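Just below is one structure, and these are the notes that go with it.
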Amino acid sequence: MRSHAITILPSVASLKALRKFAKKSIVTKSYVAFGNPLVLGPDGTDTGAWDRQQCPKDVPASAQRVAHASTQLRDISSFFRGNLADVAEVQKLAALPETTDELCAVARRLDVPESEIWLGKRATERNIKEMSKQGRLASYRIVHFATHGLIAGELKGLAEPALVLTPPAEANDTDDGLLTASEVAQLKLNADWVVLSACNTAAAGPQGAEALSGLARAFFYAGARALLVSHWPVNSDAAVRLTTKAFAELRADPKIGRAEAMRRSMIDVITRGTDQENHPAYWAPFVVVGEGGG
């Protein structure tokens, strides 16, 4: 990392798709984000997400660790009803109210208005698909998701990777609370970077599952040039520092590429951080997947 900017390619096919479908073009807006899905936790009583649907004036120090833990996701035989997720089971996933702080902090440092941060009841499949249909989603350079990332096979019936969003009252073909890889592939993006701030979004799935390669290819088909994904649960403060510094490096010199911008961001954390922040557990979870040199 000190001497090389690293980019991950899930497969040769994904690079071919990336180069074919993600042509360079000018977009009008810098950043849009989706997070803090309205779920209630395993016991159905955690209402923390409902209380964090707007950006706070200050990011509280007590909410600097993102509670994305795969141990909170259960192996449920009834998670799906037919082809649709069971909304009641989606709502039992762990609440992630601290993702509000993460997304709002990034937006604030990028001088992006709060209206571009889709939290809670606004963070739905329906809204994302409608934005795509209207061509609005393709106007953003950076698209950021802070939520649960589900690996293919992690839950019984989940045949492909998915991102968790606020589930509707009743599942339908447009919205069941899970934005799957096949649904991502149908979106219309024009993003330089898609940031997936969730637990283990770079991890391999169980034997026979496609995991990241399917999700990455889906975003490439949709029009993304690169993904930023994680190998383990990410400290929210680290996510904010690493991503905003990388974006700042790119603004200062667009020719360096995303992988080099991320490398410089990590070096900055190591050289300026505390002893705890110097540890790779803090700065090393993120990897660039896709077109790292663009």
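Each value in this text was obtained by applying a stated rule to the coordinates, not by laboratory testing. Since the model is a prediction, treat every value here as computed from it, not as a measurement. Here the Cβ is made from the backbone with ideal geometry for all residues, glycine too, and neighbour counts use every protein chain on show.
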Count the net charge of all other residues whose Cβ sits under 10 Å from the Cβ of R136, scoring Lys and Arg as +1 and Asp and Glu as -1.
+2
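Extension gain Q134-S182, at 0.36 nm per residue separation less the Cα-Cα distance, in nm?
15.4 nm
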Here the net charge surrounding P168, from other residues whose Cβ is less than 14 Å away from its Cβ (Lys, Arg +1; Asp, Glu -1), is -3
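Please work out the Cα convex hull volume for the stretch 103-161 and give it in Å³ per residue. Before the final figure, lay out the partial values.
Details: hull volume 7.0 nm³, N = 59.
So the per-residue Cα hull volume is 119 Å³.
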Tell me the volume per residue, in Å³, of the convex hull enclosing the alpha carbons of the stretch 115-195.
101
